[in-house]
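What follows is one structure encoded as structure tokens, with my remarks underneath.
The values are calculated or read from the model by the stated rules, or taken from the named source; none is laboratory data. These numbers were taken from a predicted model, which means no experiment stands behind them. Heads up, the Cβs are rebuilt from the backbone with ideal geometry, glycines too, and the neighbour counts pull from every protein chain shown. SASA here: full protein model, heavy atoms, side chains in, ligands and nucleic acids out. Shrake-Rupley method; radii C 1.70, N 1.55, O 1.52, S 1.80 Å.
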Amino acid sequence: MRYALFLGCKTPYFVPAYETSLRRVCGELEMELVEPEFNCCGYPMAHLQFESYLLAAARNLAIAEDTGLDMLTPCKCCFGAFKRAMRLFEENPALADKANAALKQEGLRFQGKAQVKHLLQALHQDLGVAALKKRVSRPYQNLKVAVMYGCHALRPSKVTGFDHPYAPSLIDQLVQVSGGQPVTWAGRLGCCGAPLREGNPELSLGSINSRMREAREGGADVLLVNCPYSQMQAEWAFREAAPVDMEGMVAGTALYPQLLGLTLGLTPAELGLELSNSNAIFLAEFLPPAQAAASNLP
């Protein structure tokens, strides 16, 4: 399997652990990542200059088309931005024509041929749950996971097509592949608060703190996020939390490539577990001893 990798702006700089674990896990699973010279997805411009957002999205999509590959992104914000642009171009061809008039100067043309997939969709649908499970050599033991699905992937569901907007299960199934146990908790469909961070930092921090408390109240050992914005929020919450606040919060947060990577036999260093202050390193405590795990293999 080959994909055109769209890392986005936030992941490489603010969440390097996401990039590190993604690359290592994809390599382990023989998912080849081609890296064209993409630009920003356009999302930051959507509320300021809408046509600039559409042009930025169209350019990336046209570049992906030139590779003959589907686009793969770990960022749910970028994923949602691209899916929205594709729907708008489909519903209003005049918008696509206007973007293509500008792209013509670079010899590019958006035709809607490339699909956009979030990393977790590719793992779930392209590789497949059954095939993925066969690769797991050290499944977790008694690890309880609170999955936070993320706003941009689920809504609007008719545009993103990621999962059911009110009863999603895709990420839960991927967690179960690793041996983890998804828990029922209040914040699984909630917002991390990232959109409020610049305008109202107090409310933004309160939002992610609520998710961290709800995860703990749901009996989770770890909060699983799969979006750079949500991970940035979680790390911020850990940095700002006083010792007394930590007692009411979930013990740590992790990204799915990190969660999965350990069960594939990769090391914490290979997955960038030391690159953040989200305490993801404690995941290793839930793995069986390496020798015992190896003896259980067929």
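Points to keep in mind about this one:
- Only Cα pairs under 8 Å and 6+ residues apart enter the sum, and on that basis the relative contact order of region 203-298 stands at 27 percent.
- Electrostatic tally near L266: other residues with Cβ closer than 15 Å to its Cβ, Lys and Arg +1, Asp and Glu -1, net -1.
- Among residues other than C191 with Cβ under 14 Å from its Cβ, the summed charge is +4 (Lys and Arg +1, Asp and Glu -1).
- Solvent exposure of region 138-271, expressed per residue, is 39 Å² of accessible area, with all protein chains present and a 1.4 angstrom probe.
- Region 142-298, dipole about Cα centre (Lys/Arg Cβ +1, Asp/Glu Cβ -1), debye to the nearest 20: 420
- Euclidean distance between Cα centres, region 260-288 to region 29-44, Å: 25
- Taking a Cβ cut-off of under 11 Å around L108, the surrounding Lys, Arg, Asp and Glu residues balance to a net charge of 0, with basic ones at +1 and acidic ones at -1.
- Per residue, region 12-128 exposes 46 Å² of solvent-accessible protein surface, assessed with a 1.4 angstrom probe and all protein chains in place.
- Isolated Cys in the chain, by beta carbon distance under 4.7 Å: C9, C26, C40, C77, C151, C191, C192, C227
- Here is the list for region 28-77: GluC sites (Glu not before Pro) lying in DSSP coil, each with at most 11 other C-beta atoms within 10 angstrom of its C-beta, are E30, E37.
- Annotation: amide H of V222 within the under-5 Å range of K144, A146, sequence separation 5 or more or interchain, hydrogens built in the peptide plane.
- Share of carbon and sulfur in the accessible heavy-atom surface of the chain [1.4 Å probe, %]: 52
- Taking the chain and dividing mean pair separation by its residue count, relative contact order in percent (alpha carbons under 8 Å, at least six apart): 20
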